[in-house]
1. Failed condition for A:PHE144, given (1) surrounded by 17 or more Cβ atoms within 10 Å (Cβ to Cβ); (2) part of a loop (DSSP other than H, G, I, E, B); (3) over 21 Å from the mean Cα position of the chain (by Cα), with all others met?
2. If B:GLY67 meets every condition in (1) without any contact (Cβ under 8 Å) to a residue 60 or more places away in the chain; (2) within 14 Å of the chain's Cα centre (by Cα) apart from one, which number is that one?
3. Return a yes/no flag: does segment A:240-247 have any residue that is more than 31 Å from the chain's Cα centre (by Cα) and either within 14 Å of another protein chain (Cβ to nearest Cβ) or at pLDDT 95 or above (or both).
4. Hand me the list of helices (runs of 4 or more DSSP H) wholly inside segment A:263-367 holding 2 or more residues that are at pLDDT 95 or above and either more than 14 Å from every other protein chain (Cβ to nearest Cβ) or touching a Cys at 6+ places or on another chain (Cβ under 7 Å) (or both).
5. Just wondering, is there one or more residues in segment A:544-557 that are more than 9 Å from every other protein chain (Cβ to nearest Cβ) and at positive phi?
6. If you take just the helices (runs of 4 or more DSSP H) that sit entirely in segment B:106-175, which of them hold at least 3 residues that are surrounded by 21 or more Cβ atoms within 10 Å (Cβ to Cβ) and of a type in the set (Val, Ile, Thr)?
7. If we scan segment A:178-192, do we find a residue that is aliphatic (A, V, I, L, M), in contact with a Ser or Thr (Cβ under 6 Å, 6 or more places away or on another chain), in a helix (DSSP H, G or I) and not assigned by TED's automatic domain parsing to the domain that holds A:THR280?
8. Looking at the structure I just gave you, is A:ALA421 surrounded by fewer than 17 Cβ atoms within 10 Å (Cβ to Cβ), in contact (Cβ under 8 Å) with a residue 24 or more places away in the chain and more than 14 Å from chain B (Cβ to nearest Cβ)?
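The values are calculated or read from the model by the stated rules, or taken from the named source; none is laboratory data. Note that the structure is predicted; figures quoted are calculated from it, not measured. Glycine gets a Cβ as well: all are built from the backbone with ideal geometry, and neighbour counts include every protein chain shown.
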Amino acid sequence: MKELMLGNKAFARGLYEAGCSFVSSYPGTPSTEVTEEAAKYDEIYCEWAPNEKVAMEAAFGASLAGRRAFCGMKHVGLNVAADPLYTMSYTGVNGGVVICVADDAGMHSSQNEQDSRHHAIASKVPMLEPSDSAEALRFAKLAFDLSEEYDTPVIMKMCTRVAHSQSIVELSDRIVPERKAYEKNIPKYVMMPGNAIRRHPFVEERTEKLRAWSETSDINRIEWASSGDKSPVGRRVGIITSSTSYQYVKEAFGNAVSVLKLGMVNPLPEKLIREFAEKTDVLVVVEELDPIIENHCKALGLSVHGKDLLPICGEFSQNLLRDFLGGLIWGHDADRDPSLKVADQIPMRPPVMCAGCPHRGLFYTLSKNKCTVLGDIGCYTLGAVAPLSSIDMTLCMGASVSAIHGYNIAGEGENEKKTVAVIGDSTFMHSGMTGLANIAYNQSNSTVIILDNSITGMTGHQQNPTTGYNIKGDPAGKIDLEALCRSMGFERVRVVDPYDLKACDVAIKEELAIEAPSVIISRRPCALLKYVKHNPPIKVNKDKCVGCKSCMKIGCPAISMKDGKAQIDTTLCVGCGVCEQLCPMGAFESCQNKEA
Amino acid sequence: METKNVMIVGVGGQGSLLASKLLGRLLLDAGYDVKVSEVHGMSQRGGSVVTYVRYGDKVFSPVIDEGEADFIVSFELLEAARWLPYLKKDGQIVTNIQQIDPMPVITGAMEYPEDLVEKMKATGAKVDALDCLKLAEEAGSAKAVNIVLMGRLSHYFDLPEEAWQKAIETIVPAKFLEMNKKAFELGKNA
């Protein structure tokens with residue numbers, strides 16, 4: 001049966017067809033849907049783990065038990081899971097292990113643009129790279145076979161454009177391999193020095209075996225140019241490429257160039273590349289981000305173009321390739337019509353905190369108190385955007401809680417009077433807890449605010465250990481944040497409602513003033529959650545409004561100024577009442593107050 | 001057949017996903033190779049959103065680049081103007097005339113540009129502008145703006161009416177089917 005399927009969904013279908021029966025992941029754009037779609041198959045056990053390291057170790061455990069296992073994450077998630085990855089490379093697997101890592105060239109939804117292929121090379125783990133949904137499905141199945149045949153975890157590298165584009169796939173049935181018996185094998189699975197020393201040569205031999213496999217496998221294929229072997233300028237141009245870059249090459253140049261399309265990017269073939277190079281006059285590597293295939297070619301002694309012609313930053317596209325390689329291939333620049341444009345400057349439309357977002361009231365209070373705010377990863381990173389402009393630092397998951405400790409100690413008593421760390425509930429469970437343990441242990445006077453909106457928001461509402469529900473929406477264990485913080489030794493743990501500006505203000509002032517470490521839990525569920533009941537929209541009393549714009553300080557998309565007066569977009573307003581508390585004229589009226 | 005390019009643009013939360021799902025289904029059933037590409041993650045947060053739909057004998061790139069779109073279907077007027085550089089010289093815009101103020105306009109830092117339909121036409125673009133919100137409400141729900149736009153787009157597609165109807169029946173839940181069929185008709189005949 002033919003279907004139009006999202007790359008991530010096709011990946012999940014591949015897991016299903018391959019008989020994968022254990023999935024543990026942490027959400028992260030653009031990888032999240034692989035696990036969400038896998039969870040729709042009743043035959044596969046699926047879970048959200050607190051972080052990527054836990055997910056990968058859980059998958060390893062399932063592999064030990066003899067099942068095919070999977071874990072998925074975004075590129076930066078693989079940094080968190082790097083520790084188990086690098087040593088699982090040594091132990092190998094029992095049941096097959098496949099790892100999804102989704103890169104985000106162009107940084108549509110990420111804090112950096114790292115190239116995950118470096119992790120595959122450094123950990124000596126094979127990496128496959130599909131270029132559309134059909135390959136995502138096929139490679140997922142192949143990855144399990146390779147994993148078991150070569151005794152290794154296998155990474156599948158997705159990217160935003162493959163993960164989040166739909167193309168046509170053909171479906172097959174699920175075949176579940178028999179569960180492999182677990183056999184005690186201390187030299188293989190206990191990685192203490194004496195054993196690991198013996199496993200390392202195995203890893204090196206495995207890489208060479210996989211390289212030999214890659215020389216002849218059809219996932220690396222050559223598509224020769226059709227126009228009499230030569231480009232319009234009489235040169236035989238050969239392009240080595242993979243992933244979505246392959247699609248851009250074909251789109252831009254069709255059959256005017258020969259293409260070596262790589263489906264496996266670690267280890268890279270040698271003979272195949274040499275053979276391809278011999279039949280071309282000019283060799284170009286087209287790869288997004290770092291020059292990894294290019295450097296491999298150079299190490300083989302080949303003369304090759306790559307980052308001398310193409311950018312190292314950002315995504316590619318067909319126009320980008322036409323612009324940068326057109327001269328080389330056609331002998332002239334790309335000829336394109338000038339773009340149509342209206343003369344007006346088009347106002348930007350950046351993402352904003354939603355109307356009724358519980359984070360808004362808290363960030364307003366932090367701005368008002370001129371706090372230094374060490375931030376973290378999640379929707380609340382939007383607290384850095386004007387007019388709130390509240391956040392001073394965002395680094396990586398959990399860094400707010402760890403960094404405030406260092407910042408306050410080094411500040412010698414100055415910083416702690418005005419500095420807070422903010423971190424969401426899911427991010428806190430991911431890697432905020434260990435930072436909090438450091439504060440509890442080494443006793444800095446730090447104030448940590450957990451922004452508990454009862455969901456993993458930014459990636460599209462995934463459950464986490466504090467929500468009380470699992471990935472299927474069924475009741476699950478629920479970690480009590482207050483009890484957790486108290487058990488670490490925090491005597492000052494308090495909960496505030498971020499819709500209550502006065503309560504937020506009091507809590508922040510008191511906890512900053514006190515000479516003790518403290519935790520404030522700012523608790524209110526995300527306004528977009530289906531179970532959250534909204535109040536009727538706020539009304540503006542135009543007679544009372546004097547146009548002072550006090551309400552504009554919170555950056556609510558539902559409030560704007562028209563003819564010198566505030567007005568509310570009733571399709572957006574959820575009646576949270578934060579603006580009402582700001583208005584010095586009492587011009588905002590919630591329906592509840594009217595009834596009272 | 002050479003690959004055709006349709007861009008669907010709008011503001012996060014306006015329902016462009018259903019429109020691309022409908023188009024994908026329609027074109028798949030018509031026997032084309034199809035790719036549909038969207039950027040997730042920001043869709044709920046009022047940002048500018050864009051979906052690429054490409055179809056033909058063989059489609060390679062999942063994205064549409066500047067100067068390549070045969071059609072731009074826009075849920076909001078400013079977004080049509082924002083993505084205008086992606087239109088081919090002889091391409092067609094189908095746009096809702098609804099205006100949603102972006103943050104720089106809300107805060108008063110910038111003005112919402114005036115007369116955008118006329119200004120887009122002045123660049124040489126073919127512009128079909130209609131009040132989809134009004135038509136959607138007439139059909140029974142403000143949420144049917146996407147189907148109104150698809151109805152209008154069907155004008156320019158060389159596919160039989162039945163194909164569109166079948167795609168709608170496959171995509172839309174049964175209880176909303178009649179309303180959406182009405183929205184499609186209203187858009188088509190607008």
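1. Evaluating A:PHE144 over (1) surrounded by 17 or more Cβ atoms within 10 Å (Cβ to Cβ); (2) part of a loop (DSSP other than H, G, I, E, B); (3) over 21 Å from the mean Cα position of the chain (by Cα) leaves (2) as the failure.
2. Of the numbered conditions (1) without any contact (Cβ under 8 Å) to a residue 60 or more places away in the chain; (2) within 14 Å of the chain's Cα centre (by Cα), the odd one out for B:GLY67 is (2).
3. Going through segment A:240-247, the residues more than 31 Å from the chain's Cα centre (by Cα) turn out to be none.
No.
4. Numbers: elements: A:271-278, A:292-299, A:318-330.
The helices (runs of 4 or more DSSP H) meeting that bar are A:271-278, A:292-299.
5. Start the filter on segment A:544-557 by keeping residues that are more than 9 Å from every other protein chain (Cβ to nearest Cβ), which leaves A:544-548, A:550-551, A:553-554.
Imposing the further condition that a residue be at positive phi reduces the set to A:547.
So far as segment A:544-557 goes, yes, one or more of its residues are more than 9 Å from every other protein chain (Cβ to nearest Cβ) and at positive phi.
6. Numbers: elements: B:116-122, B:132-139, B:145-154, B:161-171.
Per the criteria, B:145-154.
7. Pass one, segment A:178-192, residues aliphatic (A, V, I, L, M): A:181, A:186, A:190-192.
Then drop every residue that is not in contact with a Ser or Thr (Cβ under 6 Å, 6 or more places away or on another chain), which leaves A:191.
Then drop every residue that is not in a helix (DSSP H, G or I), which leaves none.
Taking every residue of segment A:178-192 in turn, none turns out to be aliphatic (A, V, I, L, M), in contact with a Ser or Thr (Cβ under 6 Å, 6 or more places away or on another chain), in a helix (DSSP H, G or I) and not assigned by TED's automatic domain parsing to the domain that holds A:THR280.
8. Details: surrounded by fewer than 17 Cβ atoms within 10 Å (Cβ to Cβ): no; in contact (Cβ under 8 Å) with a residue 24 or more places away in the chain: yes; more than 14 Å from chain B (Cβ to nearest Cβ): yes.
Answer is no for this residue.
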